[in-house]
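Novice: Got a structure here, written out as structure tokens. Questions coming.
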Amino acid sequence: MSRGRLRIGAAFFLAAAIAPASLPGLPIPPTPVPTPTSLTVSQPDFVSGRPFPPVTPRASTLPAEKRTVFVAAEAPPGDGSEAHPWNDLQAAFRALSPGDRLRVRAGRYAGTFRVDESCREGTKNAPIQVVFDGKAVLESASEGFVLTLARSHWLIVGGYLDLEDTPASGVSIEGPSSHDVTLDGLRISGGRGPSISVGPDAARIAILRCNLAKSPLTVATASAVGIEIAAGADDVRIEQSRLHENPAGSIRVRTAAPGKRPARRLLIAGNRIHDDGATAIEVAAADDLTIQDNILFDRTTELDTRALVLTRVRRGVVRSNRVSDYGVAVHVGHAEPDGSGAIPAETLTIARNHLETSRPGGTAFVVEAANGLVVANNVVGGYASGILVFGRPPQTRNVTVANNLLLGVSDVAFLLADPAAATLFDYNVFSPAGPALVEIGGASIPLARLLKEGKMPHSQVKPGVRILYGDLARVSGVPIVDRGKAVAGVPFQGSAPDLGVAER
């Protein structure tokens with residue numbers, strides 16, 4: 001971003017740096033699906049020799065079953081026993097009772113299947129289990145969902161949905177009858193619709209250890225998303241899954257209609273999300289959102305990509321994530337370019353993340369509208385622009401930016417459109433790759449001059465600061481221990497917080 005462009009401010013950034021496709025409600029135009037390039041993702045991060053983000057794999061465990069029954073594709077009619085399995089998967093679903101475990105044997109099961117009013121519900125202590133053999137495949141070339149779940153206390157384990165380059169969608173979890181539903185270890189490949197859809201009023205939904213990809217598609221569509229969560233969904237967990245090559249994004253949380261409740265209590269943790277060529281996680285509206293311990297990277301040919309777009313988020317935490325090679329790492333809130341309106345994020349903490357890029361250009365943080373935003377103890381590496389905070393009160397207010405390490409910024413170290421929007425903007429270390437600029441209140445000045453004037457007395461410009469051996473606790477070129485400022489919602493040890501991700 002050049003100095004001249006920076007002076008244009010938020011209007012330029014909205015028009016040029018953030019494509020319309022990233023904003024809530026606007027469609028993604030059909031384009032060829034981007035293919036991965038030879039861009040090399042750097043080595044894994046560590047903190048004091050331990051992996052960052054932390055790796056905590058959990059094995060699948062099934063509750064004890066009361067009865068085990070079987071179904072096999074193309075088998076002769078049977079009674080559901082192991083020796084004489086059923087041969088109709090839909091009929092098998094209807095025959096299940098609480099505590100049953102259905103073993104789905106290898107084979108291809110074509111068509112669409114529904115767990116609806118014709119099926120029984122499980123119970124908390126006796127869920128209905130459907131366990132797929134590793135070679136059992138569901139397939140459909142028709143538009144619509146291959147599997148619909150509209151009953152409570154069902155557990156689906158394994159299973160491969162082979163949707164190829166068809167209009168089909170994967171699994172729909174439809175509320176309000178669909179509560180206490182778990183999808184564990186599903187593989188869903190292709191399909192122009194969502195791989196998994198969580199509907200309004202669905203509650204206590206767990207999506208665990210799944211692999212969701214749209215790599216068979218040849219053309220992107222607005223619905224080619226990995227997981228879509230509707231407004232009104234409650235208590236949804238997405239954990240330890242791999243989502244990749246989803247051209248409409250890997251996770252999308254929809255906005256709520258006027259007067260309706262947004263999605264709430266969402267946990268996105270321990271996932272690996274990559275190569276979408278779009279926005280990896282887009283949250284148009286949610287209350288009580290946690291995004292933590294994820295690895296996100298993009299090696300596609302697309303340059304206008306985003307890792308996280310968080311618009312009307314209230315009470316959110318983004319922590320311990322590693323984000324690599326996106327055009328914009330984190331985008332907060334939304335403001336109309338003409339100043340006619342804004343949608344702020346409220347009470348959002350973004351802390352202890354590592355944001356890096358090996359691409360030229362890019363921006364680590366864009367804040368369009370926020371109230372009660374904390375950006376603290378992050379490490380930013382290689383982005384041309386660091387932290388851009390647009391708007392003035394009431395659009396943007398009560399913003400804290402502290403204890404961050406910004407390494408290798410080459411254009412705009414930070415932008416603060418209105419100093420009145422910041423409660424605290426200090427205790428940061430800048431190690432620029434050249435004479436970086438800052439803009440405060442519309443005036444552009446060199447970063448070094450600003451700090452020399454004492455306007456941010458606890459911030460520093462330190463050329464040559466480096467992370468040693470990929471360990472975020474080993475920082476060369478500047479002391480970091482107990483050099484920060486205590487910030488609400490970011491715990492620390494010692495007399496004061498350390499700078500950056502690690503805390504010793």
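Novice: Taking θ as phi - 60°, what are the ³J(HN,Hα) couplings along the stretch 393-404 by the Karplus curve (6.51, -1.76, 1.60), each to the nearest whole Hz, with x for Gly and Pro?
Specialist: Running phi through 6.51 cos²θ - 1.76 cosθ + 1.60 with θ = phi - 60° gives x, x, 4, 10, 7, 6, 9, 10, 10, 8, 6, 9 Hz.
Novice: Ok, one more. Please report the spacing between the Cα centers of the stretch 171-247 and the stretch 295-343 in Å, no decimals.
Specialist: 20
Novice: Let me ask another. Determine the gain in length on full extension of the stretch residue 141-residue 117; use 0.36 nm per residue of separation and subtract their C-alpha separation, reporting nm with one decimal.
Specialist: On the way: separation 24, 0.36 × 24 = 8.64 nm, distance 2.48 nm.
Contour length minus Cα-Cα distance gives 6.2 nm.
Novice: Now for a different question. Taking a temperature of 37 °C and a viscosity of 0.692 mPa s, what whole-number D in µm²/s does Stokes-Einstein yield for the stretch 391-436 with Rh from Kirkwood over alpha carbon pairs? List each step's numbers first, then the result.
Specialist: On the way: Rh = 11.4 Å.
The Stokes-Einstein estimate is 287 µm²/s.
Novice: Going by amide H atoms built from the backbone, whose H comes under 5 Å of the H on residue 423, apart from near neighbours?
Specialist: It is 398, 399, 400, by chain and number.
Novice: As a test of the formula, what do you get for the chain when each DSSP H run with n ≥ 4 contributes -39,500 (n - 2.57) and the sum is divided by the residue count, at 222 nm and rounded to the nearest 500 deg cm²/dmol? Working shown, then result.
Specialist: Values: 3 runs with 19 residues, N = 504.
That calculation yields -1000 deg cm²/dmol at 222 nm.
Novice: While we're here: Using only the Cα atoms of the chain, construct the convex hull and provide its projected area averaged over every direction, in square nanometres to one decimal. Mind dumping the intermediate values first?
Specialist: Details: hull surface 94.4 nm².
Computing the convex hull of the Cα atoms and averaging its projections yields 23.6 nm².
Each reported figure results from applying straightforward, stated rules to the coordinates on display, with no laboratory input. It should be emphasised that the depicted structure is a prediction, and the values quoted were computed from it without experimental measurement.
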